[in-house]
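The values are calculated or read from the model by the stated rules, or taken from the named source; none is laboratory data. Just so it is clear, the structure is predicted and the values come from calculations on it, not from any experiment. Using ideal geometry, Cβ is built from the backbone for each residue, glycine included, and neighbour counts are taken over all protein chains shown. Side chains included, ligands, DNA and RNA excluded: accessible areas come from the protein's heavy atoms. Shrake-Rupley method; radii C 1.70, N 1.55, O 1.52, S 1.80 Å.
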Amino acid sequence: MKLIKPNKLKEGDTVATISLSWGGAGELPHRYQTGKRQMERVFGLKVVETAHALKTAEWIYDNPKARAQDLMDAFKNPEVKAIISAIGGEESIRLLKYIDFEVIRQNPKIFMGFSDSTVTHFMCLKAGLSSFYGTSVLVGFAENGGMHEYQIADIKRTLFNAEVIGEIQPNKEGWTTEYLDWYNTSLQHIRRKLIPCDGWRFIRGKGVVQGHLIGGCIEVLEIIKGTALWPDLEMWRGGILFLETSEETTAPNYIRHWLRGYAAMGILGVINGIVLGRPYDNKYAKEYEQAILKVLNEEGLYSLPVVTQMDFGHTCPTFTLPFGRIAEIDVDQKKFSIVESAVE
C-alpha cells in the first residue's frame, strides 16, 4: 500500500482543530481550552479552530455540509500543517457526499483522531494519504491533571520525528477509563485513577510478521461497509488489521458476527495479523479474544498472529497508529514495532 507521508510537525506550526461529528468542543469550552492550552504548551504549536469547530452540538448535527467544508478548508489552507479532531461521535458518515477527495490528495497533511474519526481516516485512505489513528483534543490532549507522559512521548515520536518509529512499548504508567464528568469543571484537575498494566497479550501466532496498518473502530467500520470508502480486497492484503471497540462496550457476539463478515469478504484470509485495542473499562477483554479466536478457527487460520489489550483506542493514554505504515509483530519476543517513519 503506497500512501503519501505528510510532513512532520515542528514547534511554531499551526494546527487546526475540527468538529466532524459530535459538537463536544462547543458544549465543553473549558475542556476544549484545556486541550488547546496543553497542545500549545507541551508541543509549541499554534492552535486555531476551523470555522465551525466551536458551534453547539445541535448546530454541528444539523450542518454536515458545513463540517465537510471545514475539513476541505483545513486541507486547502497552506498555513495549517495538521488537522486534529476535537472528539468523535457517531454520524460523520453524513459528510461523505460533500467530500472532494482531490482536495485531500493535493494538500497532504497530518490528520489525527479516533473512534468516529475512522470515517475521516478512510476518506484520507481513499485519497491516498496516510493519516493517524490517535487521540483527540478533548481526550488525550485535555486529560485531567495534564497529559500523560506516554501520550506526550508518542506524539513527539510519531508526528514530530521523521526517523523510524521503532518498537512501541506497552504503557507502564497504568491505564484508565475512569468516568469523571466533563461538564463538572471542578473535576478537570483531578487525575483519573490508573490501573496497573500487565503488558499486551500475544494470544496466537509465532515468529515475526510485517504488514501495513489498516483498521479503526469496529463499530464505525460497520457503518462504512458498502460505501465508496470501503477498500477493495487488495488494500487489505498483507496488512496488519487494527481494531478497537467504543465506549458502547459492544457485546462479544457482535464482534463475532462482524468478523465473520470480514472472513466472508476474504479479508481475514489475506491479512498478516490482528492487533486489538484495550476495550473501554477492559470490559469483555477475554470475551473479545474468544470471539476472535473462534472465527479464526472456523476459517482454519490457526497461525495468524493476534495481539490484544493494546494501548490504543478508547483507553488512556494511547499510542498512535499511522495508516499504511509497516508494522511488525514479533510473537516470540512479544514485541510490536512500526518499522518505518510516519512523516517526512
**Only listed residue being outside any helix (DSSP H, G or I), of a type in the set (Gly, Ala, Ser) and out of contact with any Pro (no Cβ under 9 Å at 6 or more places or on another chain), chosen from Gly26, Gly89** = Gly89
**Item:** Count of residues meeting criterion [surrounded by 21 or more Cβ atoms within 10 Å (Cβ to Cβ) and within 18 Å of the chain's Cα centre (by Cα)] in the stretch 244-272
**Value:** 2
**Item:** Which numbered condition Arg41 misses (of (1) basic (Lys, Arg); (2) assigned to a loop (DSSP other than H, G, I, E, B); (3) more than 19 Å from the chain's Cα centre (by Cα))
**Value:** (2)
**Any hit, the stretch 184-202, residues being on the phi > 0 side of the Ramachandran plot and in contact (Cβ under 8 Å) with a residue 12 or more places away in the chain** = yes
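Condition check ((1) basic (Lys, Arg); (2) open to solvent by 10 Å² or more (accessible area, probe 1.4 Å); (3) closer than 17 Å to Gly134 by Cα) across all residues:
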site: Ser19; (1), (2), (3): no, no, yes
site: Gly35; (1), (2), (3): no, no, yes
site: Gln38; (1), (2), (3): no, yes, yes
site: Thr50; (1), (2), (3): no, yes, no
site: Ile60; (1), (2), (3): no, no, no
site: Asp70; (1), (2), (3): no, no, no
site: Asp73; (1), (2), (3): no, yes, no
site: Ile84; (1), (2), (3): no, no, yes
**Complete:** Contact list, first residue from the stretch 164-183 and open to solvent by 10 Å² or more (accessible area, probe 1.4 Å), second anywhere and of a type in the set (Gly, Ala, Ser), beta-carbon distance below 6 Å, six or more apart or interchain, is Val164/Ser341; Gly166/Ser337; Glu167/Ser337; Pro170/Gly199
**Message:** For the stretch 210-231, give me each residue that is open to solvent by less than 30 Å² (accessible area, probe 1.4 Å) and touching an Asp or Glu at 6+ places or on another chain (Cβ under 9 Å).
**Reply:** Gly211, Gly215, Gly216, Cys217, Ile218, Glu219, Val220
